[in-house]
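Worksheet: the structure to be examined is printed underneath.
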Amino acid sequence: MRKQVKRVFACLLALVMIASIMPVTSDAASKKASVVTNQKQLKQALKSGKKDIQIKTPKKVKLTIPALKQAKSVSITIDAKNATVTNKAGLKSVAIKDANAFVESGKKNEIRISDKKLSLTVAKQSTGAKIKVVAKSDLTVLGTTKEAIRITIMAKNTTITAKAKVDATLNADATLNLATGAEGAKITTAKNMTANAVNNTK
């Protein structure tokens, strides 16, 4: 009887030791974002194959997401209220929670905005950007891209000040201020949605 108890105890001890040295592969561990605060850390995180990166800093910095091959499978979240972030990569997704300004120079990126106030510039190198405003925001849109900047507004009481040509779809009531530069803008509203549009274009 004692031998059996010893064997069971030895087996349990062996299992505990194996479990302690095995890597954790739980969803919680795999979904944890790699937090970066500066340009060097951002580049290292991308090069090392991190799939979920969070840019988080209170500092007034300028950061660039470089156009690396590894970037296409990366999701980036920006939570850096004083930062200006320029994206040159083709990413899996971009979520802007807080930033001073964001410059999109990548190709076919999906950008989700929940920032309360943001300056967004779509550069001429950018094509196929799809922008969704998912929380009430005061968004200024600038750009030198030749194509209309596609924006879908999902959040009620959002205000868009467009200083570039936009193709806006309203799935919630919103205000659009069309300034010089937004000539040729297009506004489409979902059923029963209201677009309060002020046209100051030429």
**Report entry** Extension gain from LYS130 to LYS202, taking 0.36 nm per residue of separation minus the Cα-Cα distance
**Finding:** 23.3 nm
Query raised in the report: Kirkwood hydrodynamic radius of region 159-202 from all distinct Cα pairs, in Å?
Result: 10.3 Å
Requested in this report: When a/c is below 1.5 the answer is rounded, else prolate if a/b is larger than b/c, else oblate, so apply that to region 27-120 with a ≥ b ≥ c taken from the square roots of the Cα gyration tensor eigenvalues.
Outcome: rounded
Report summary line: The summed charge of the ALA174 Cβ neighbourhood (under 10 Å; Lys/Arg +1, Asp/Glu -1) stands at +1
Report summary line: Given 103-115, 125-137, the highest-first ranking by average Cβ count within 10 Å works out to 103-115, 125-137
Query raised in the report: Which three lengths, in whole Å and largest first, does region 74-130 cover when its Cα atoms are put on their principal axes?
Result: 25, 21, 15
Requested in this report: Please report the relative contact order for region 55-148, taking Cα pairs under 8 Å with a sequence separation of at least 6, and give it as a percent rounded to a whole number.
Outcome: 21 percent
Report task. Could you tally the net charge around GLY90, taking each other residue with its Cβ under 12 Å from the Cβ of GLY90, Lys/Arg +1 and Asp/Glu -1? Result -> +4
Report summary line: Sorted by chain and number, the residues with a modelled amide H under 5 Å from that of THR57, at a separation of 5 or more or across chains, are ASP79, ALA80, LYS81
Query - Accessible surface, per residue, of region 109-165 when the full set of protein chains is kept, probe 1.4 Å, Å² - result: 49 Å²
Report task. Please give the direction-averaged projected area of the C-alpha convex hull for region 90-202, in square nanometres with one decimal. Result -> 6.1 nm²
Requested in this report: Would you tally the net charge around ALA164, using a Cβ to Cβ cut-off of less than 13 Å, leaving ALA164 out, and scoring K and R as +1, D and E as -1?
Outcome: +2
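The values are calculated or read from the model by the stated rules, or taken from the named source; none is laboratory data. In this text the structure is predicted, and so the values were computed from the model without any measurement. Positions of Cβ are backbone-derived with ideal geometry, glycine not excepted, and every protein chain shown enters the neighbour counts. To get the accessible areas, we keep the full protein, side chains included, count just its heavy atoms, and leave off ligands, DNA and RNA. Shrake-Rupley method; radii C 1.70, N 1.55, O 1.52, S 1.80 Å.
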